[in-house]
Amino acid sequence: MFSGLDFETASGEVLAVVGPNGSGKTSLLRLVAGLLVPAGGSIGLEGGETELTLPEQSHYLGHRDALKPALSVAENLSFWRDFLGGETGDVGPCLTAVGLGHATYLPAAYLSAGQRRRLSIARLLVVRRPVWLLDEPTSALDAAGQELCVGVMRDHLASGGIIVAATHAPLGIEARELRMGGGK
Amino acid sequence: MSLGPYASYIVTSYSLVAAIVLILIVWIAIDYRLQKERLREFEAGGVTRRSGRQATDV
Amino acid sequence: MTAITALIRRDIKIALRVGGGALIGVLFFLTVTVLMPFAIGPDLALLTRLGPAILWLGALLASLLTLDRLFTADHEDGSLDLIVMGQTPLELACAAKALAHWLAAGVPLIVATPMLGLLLNLDGEATSAVALTLLVGTPALTFTGMIGAALAVTLHRGGLLLAVLVLPLSIPVLIFGVSASQAAITGPLAFGTPFSILCALSLVSLVVGPFAAAASLRHGLD
Amino acid sequence: MTLIDLANPTKFLSLTGRVLPWLAGATAILLLVGLYQAAIAPDDYQQGATVKIMFIHVPNAWLSMFVWGVMSIAALGTLVWRHPLADVAAKAAAPIGAAFTFLALVTGSLWGRPMWGTYWEWDARLTSVLVLFLMYLGLMALWRAVDDPSRAARAAAVLTLVGAINLPIIKFSVDWWNTLHQPASVMRMGGPSLDKAFLIPLLVMAIGFSLLFVTLHLAAMRNEILRRRVRSLQMMQASQQAA
């Protein structure tokens, strides 16, 4: 897909992966998340928990929201909290933080696309992980939602987190840019 | 009333019918309570129907 | 451990709620079994003889029918990515999903067996023999079927391809399941011999299934 | 009150609220009378006391078909007249119909055991009822497969009507496939052949069970209307942004 790519980012920093469609932004994120096996090269995290791999210390927010329509909003979130494990918080405050407090017990099927996105952002809050891999985090979000997303990202950075975000719209947050070339 | 040599079959079939009918009745009654309860919760939460009537109005 | 129980509980909940497929499997089992006599004929003696085979075939088809959504549903909504990334080993997560599937879709098949045994003119002993072999054998079907379900995700083809891939793999289970039930009804073989082989097959699939499924998922995600 | 008035769910709910206690009372009385009459009915000279199973078997068998008839009319209501309560009626009837069909099967086989020496005989009538039972379950599975009732309604209506057309064909084919059972005895040409001593309790029980169905059906329809109200409120709540 691509080669000759060398980048690094540090705690408290956003790496914005930009570039035209098809330039491999998503593939890069999935490589870091361990969902794709690199043909060559290496990806590593310095510091952090030594027994855990990079994917195990990362949150991945993909195009798809990883929600089950048959389960309620709270059930969806508490499942991911229990499954991802580690340092976890309470479901209620996280839902309030993303503006879904009123929908806690509703089936996720009734949520709009933007609300589903908010619910997957709540997943980043309920389990603490140092590295966030965000693929178009603000897509489907309205203005208030984008503001909320930026606020959540700022808080994460302030607590020493790392964010790698693939995007073509400006994130609204100060970021180091990694420009992916067009084509191969 | 004597039920003859096959009393157990007769008693079983009557009690099965009673049991299933009872289950139906209980299920419908519980379902009714549950829906009413949910509608009351909505009313308490201030959510109203489009027509502006209360949720539990009939 | 909480991760595993959370996954099992979630899958069972989804299977039992609106849109879930758990009970459709039983319905399919019922229908297939009821259709058989129409093809074979209403001869009760013949049905008694064929009963265990009919029940086993029905259970085999029913458990395969519901398996194809095991991983595809999670793949389509992105959950599978997160499951792969989790701290839980993927093998364990696969085993948990298969266990949940068996609890929601396999156990009802065994519960329905006595009623179907009645329809096929099996006596109490024969029915319990079939139910026992199904109890031991259906986990093997689920855990080998899981390999097919994982392949179906990576190949972007579900349904029929899964059946074609998995049915040959389940031949041994079918052979020993049916012969154990037959042995319990008519002899001349002892029930214990085929039954212990069936148990062994189940145990092997319990080990091999999760590893094969996890391997194929790991290399097949894109 | 006409059918058009009943199209308004609110009016329907207030009507059911008023009618249900009376219906339930009438059902209880009729069933009690029927049970008493069944208890004092004489034994059959051939079947002995097992003939008492008939008093509950026949009403359930009758209802298993009657409920499908009700659902077929409701299906027409959904597809042709687009009556808003039609799919509510169809959905509410299915589990009740399935329960009666199950009872018809079980009491039938419990009656058959002493008579034929086996619980199950693949004869035409029993087998048709079994197929009917499977169709009820399939219909319930269809309703459960889709969350949005209005989307499931049309599919279920089509399936119900196809089933209604298919049932006689199934009955005929199974008849042809196997004929073992005694010929129908209540609805025979030239009047019922059943003795009066059996006929009266049977009719009372049949009417009692039919009333039971009407009572349960109305109550289940009321539940279904409330459930849909909850659903639409939930969707409204989901679309409200947090203040």
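Quick note: the coordinates plus some simple rules give every number you see, no bench work behind them. Keep in mind it's a predicted model, so treat the numbers as computed, not measured. Note that each Cβ is placed from the backbone with ideal geometry, even for glycine, and that neighbours are counted across all protein chains shown.
For this structure, a couple of remarks:
- What the phi angles of region D:55-71 give under the Karplus curve with 6.51, -1.76 and 1.60, with θ = phi - 60°, is a coupling list of 5, 9, 5, 5, x, 5, 5, 4, 5, 4, 7, 4, 5, 5, x, 4, 5 Hz, glycine and proline written as x.
- Other-chain or far-sequence residues with amide H under 5 Å of A:LEU178's (modelled H): A:ALA16, A:VAL17, A:VAL18
- Peptide C:136-145 shows a mean partner chain C-beta count of 0 within 10 Å per residue C-beta.
- Phi-based couplings in Hz for region D:130-136 (Karplus 6.51, -1.76, 1.60; Gly and Pro marked x): 5, 5, 4, 4, 4, 5, 4
- Between helix C:44-67 and chain C there is an angle of about 0 degrees, using the helix long axis and the longest principal axis of the Cα atoms.
- Put in line by how crowded their Cβ is, counting other Cβ atoms within 10 Å and starting with the fewest, A:VAL37, D:VAL106 read A:VAL37, D:VAL106.
- Order of D:TYR119, D:TYR136 - criterion: other Cβ atoms within 10 Å of each residue's Cβ, fewest first: D:TYR119, D:TYR136
- Cubic angstrom per residue, convex hull over Cα atoms of chain D: 161 Å³
- Greater than 32 Å apart at Cα, pairs in D:LYS171/D:LYS196; C:LYS13/D:LYS171; B:LYS36/C:LYS13; D:LYS11/D:LYS52: C:LYS13/D:LYS171; D:LYS11/D:LYS52
- Here C:VAL208 and A:GLU51 are evaluated by their C-beta separation; at R0 = 22 Å the FRET efficiency comes out at 0.20.
- The 3J(HN,Hα) values that the Karplus relation (6.51, -1.76, 1.60; θ = phi - 60°) gives for region C:23-28 are, in residue order, 7, 5, x, 4, 4, 4 Hz. Gly and Pro appear as x.
- Annotation for C:SER196 and A:HIS168: the two label points, set 7 Å from Cα along the Cα-Cβ direction, are 6.6 nm apart.
- The label point for D:ILE73 and the one for C:HIS219, both projected 7 Å from the Cα toward the Cβ, are 6.4 nm apart.
- Within chain A, percent of DSSP bridges classed antiparallel, to nearest 5: 15 percent
- Inter-label distance, nm, simple model (7 Å from Cα along the C-beta direction), D:SER232/C:VAL111: 3.5 nm
- Helix C:192-220 axis, angle to chain C major axis (alpha carbon atoms, nearest 10°): 20 degrees
- Fewest-first sequence of D:LYS11, A:LYS25, D:LYS196 by Cβ atoms within 10 Å of each Cβ: D:LYS196, D:LYS11, A:LYS25
- Helical contribution to [θ] at 222 nm, DSSP H n ≥ 4, -39,500 (n - 2.57), averaged over chain A, rounded to 500: -9500 deg cm²/dmol
- Counts of other chain beta carbons within 10 angstrom of each beta carbon in peptide C:24-31 average 3.
- Placing unit charges on the Cβ atoms only, positive for Lys and Arg and negative for Asp and Glu, gives the protein assembly as shown a dipole magnitude near 1760 debye about its Cα centre.
- For A:60-72, mean number of other protein chain Cβ atoms within 10 Å: 5
- In Å, descending, principal axis extents of the Cα set of region C:25-129: 56, 25, 15
- Here's the list of lysines a cross-link from A:LYS25 could span, going by alpha-carbon distance under 29 Å and ignoring same-chain residues fewer than 8 apart: A:LYS68, A:LYS184.
- Counting all C-alpha pairs of the protein assembly as shown, share separated by more than 44 Å (%): 37 percent
- Potential extension, D:VAL80-D:TRP176 segment - 0.36 nm per residue separation minus Cα distance: 31.1 nm
- Relative to its residue count, chain C spans a Cα convex hull of 114 Å³ per residue.
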